[in-house]
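Enquirer: Below is one structure. I have some questions about it.
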Amino acid sequence: MRGVAYGICVAFAVLLSFSLYVAARTYDGTVEEDYYRRSLSYFKDRQGAEAGNPAGPLVSSINGERVLLDISPKPVRAMRELVFTVDLPWGSLPGRPWIELGMTTMTMPPNRVDLSGGEGGRYRGKGILVRCPCGMRSWTASVHVPGKGKALFPFDAAD
């Protein structure tokens with residue numbers, strides 16, 4: 001019985017030593033002690049660098065063609081009716097474009113703004129940004145254009 005217990009202890013020690021050796025040799029520095037704080041700062045820095053200026057029209061492109069998105073009234077605020085105006089370079093489309101609103105760093109329920117009009121490539125629709133209980137204000141408006149693709153517009157709400 002002592003021999004079996006001794007064998008189990010030796011096997012455990014060998015496996016533990018091997019595991020530590022492999023861990024030390026393959027460490028790539030991706031594990032952070034304060035993962036939560038570092039990830040929050042990463043996303044805040046990233047959002048600030050990507051966010052558009054909501055004081056004027058936002059600019060993006062689809063297949064090299066310039067697409068403009070204007071949101072009014074300014075400043076853009078949560079929980080208020082907003083008017084979304086999209087200027088597209090194409091005359092006729094196989095369907096009506098729409099906007100999908102989402103937060104930059106979290107999954108949200110669908111928030112779709114249907115656009116109408118189309119005279120001269122200008123489409124309008126009304127929608128609302130919900131207020132995030134955690135205080136995040138970074139949004140992305142994805143303008144979907146049938147037959148062409150989509151354009152992404154990151155922006156920050158004032159509150």
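Enquirer: Which of (1) over 15 Å from Phe155 (Cα atoms); (2) acidic (Asp, Glu); (3) free of Cβ contacts under 8 Å to residues at least 24 places away in the same chain; (4) touching a Leu at 6+ places or on another chain (Cβ under 9 Å) is the odd one out, the single condition Asp87 does not satisfy?
Expert: Status for Asp87: all satisfied but (3).
Enquirer: For region 103-138, name all the residues that are β-branched (Val, Ile, Thr) and touching a strand residue (DSSP E or B) at 6+ places or on another chain (Cβ under 8 Å).
Expert: The answer is Thr104, Thr105, Val113, Ile128.
Enquirer: Another question, then. Being closer than 19 Å to Arg66 by Cα and not in a loop (DSSP other than H, G, I, E, B) is the filter here; which residues of region 92-116 pass it?
Expert: Trp98, Ile99, Glu100
Enquirer: Evaluate the following for Glu81: is it out of contact with any strand residue (DSSP E or B) (no Cβ under 9 Å at 6 or more places or on another chain), charged (D, E, K, R) and exposed (fewer than 13 other Cβ atoms within 10 Å of the Cβ)?
Expert: So Glu81 does not fit the description; no.
Enquirer: Does at least one position in region 90-109 carry a residue that is exposed (fewer than 15 other Cβ atoms within 10 Å of the Cβ), under 19 Å from Leu152 (Cβ atoms), aromatic (Phe, Trp, Tyr) and in contact (Cβ under 8 Å) with a residue 24 or more places away in the chain?
Expert: The answer is yes; a qualifying residue exists.
Enquirer: Which of (1) at pLDDT 95 or above; (2) assigned to a loop (DSSP other than H, G, I, E, B); (3) basic (Lys, Arg) does Lys150 not meet, given it meets every other one?
Expert: Only one criterion in (1) at pLDDT 95 or above; (2) assigned to a loop (DSSP other than H, G, I, E, B); (3) basic (Lys, Arg) is unmet by Lys150, namely (2).
Enquirer: Does Met136 satisfy the condition of being surrounded by fewer than 19 Cβ atoms within 10 Å (Cβ to Cβ) and either more than 17 Å from Ser60 (Cβ to Cβ) or touching a helix residue (DSSP H, G or I) at 6+ places or on another chain (Cβ under 9 Å) (or both)?
Expert: yes
Enquirer: When region 102-147 is examined, which residues are found to be more than 19 Å from the chain's Cα centre (by Cα), under 21 Å from Glu81 (Cβ atoms) and modelled with pLDDT under 90?
Expert: Selection gives Gly117 alone.
Enquirer: Would you point out which residue out of Ala141, Ala158 is more than 12 Å from Leu88 (Cβ to Cβ), in contact (Cβ under 8 Å) with a residue 60 or more places away in the chain, of a type in the set (A, V, I, L, M) and touching a strand residue (DSSP E or B) at 6+ places or on another chain (Cβ under 8 Å)?
Expert: On inspection, the qualifying residue turns out to be Ala141.
The values are calculated or read from the model by the stated rules, or taken from the named source; none is laboratory data. What you are looking at is a predicted structure, and each value in this text was computed from that prediction instead of being measured. We place every Cβ from the backbone using ideal geometry, glycine too, and count neighbours over all the protein chains shown.
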